[in-house]
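What follows draws every value from the coordinates through simple rules; no lab data is involved. Model, not experiment: these values are computed from the prediction. Heads up, the Cβs are rebuilt from the backbone with ideal geometry, glycines too, and the neighbour counts pull from every protein chain shown.
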Amino acid sequence: MATTNFLVSGMHCGGCANTVRQRVEQVPGVRGLTVDPSTGMLAVDGDEDLDGAAVLAAVEQAGYEAVRA
């Protein structure tokens, strides 16, 4: 398992973090994640072949923008 970090812009509260969490948890290969709205950090624990582009797309579907950190 590997951890991939992302910086998410626009998250301001726990509700924002939950929205991101719900979308990203649906990405195949995600085994766990932590979201910190105060720093904008999203840490995704996943399989070695986790598709980072799919994580970024899930964040965008949640209404936010992200980049790999």
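Of the residues that sit in region 49-69 and are outside any helix (DSSP H, G or I), of a type in the set (Gly, Ala, Ser) and under 16 Å from Gln22 (Cβ atoms), which one is nearest to the chain's Cα centre (by Cα)? Step through it out loud before you land on a result.
Going residue by residue through region 49-69, those that are outside any helix (DSSP H, G or I) are 49-51, 62-69.
Still in the list and also of a type in the set (Gly, Ala, Ser): 62-63, 66, 69.
If we keep only those that are under 16 Å from Gln22 (Cβ atoms) too, we end up with 62-63, 66.
Working: Ala62: 10, Gly63: 12, Ala66: 8 Å.
Across region 49-69, the extreme among qualifying residues is Ala66.
Scan region 3-50 for residues that are out of contact with any helix residue (DSSP H, G or I) (no Cβ under 9 Å at 6 or more places or on another chain), free of Cβ contacts under 8 Å to residues at least 24 places away in the same chain and among the hydrophobic types (A, V, I, L, M, F, W, C) and the total you get is 1.
Filtering region 1-19 to residues that are surrounded by 13 or more Cβ atoms within 10 Å (Cβ to Cβ), in contact with a Gly (Cβ under 9 Å, 6 or more places away or on another chain) and at negative phi leaves Thr3, Thr4, Phe6, Leu7, Val8, Met11, Cys16, Thr19.
For region 21-69, the candidate set comprises residues that are within 12 Å of Phe6 (Cβ to Cβ) and hydroxyl-bearing (Ser, Thr, Tyr); within that set, the residue that is surrounded by the fewest Cβ atoms within 10 Å (Cβ to Cβ) is Thr39.
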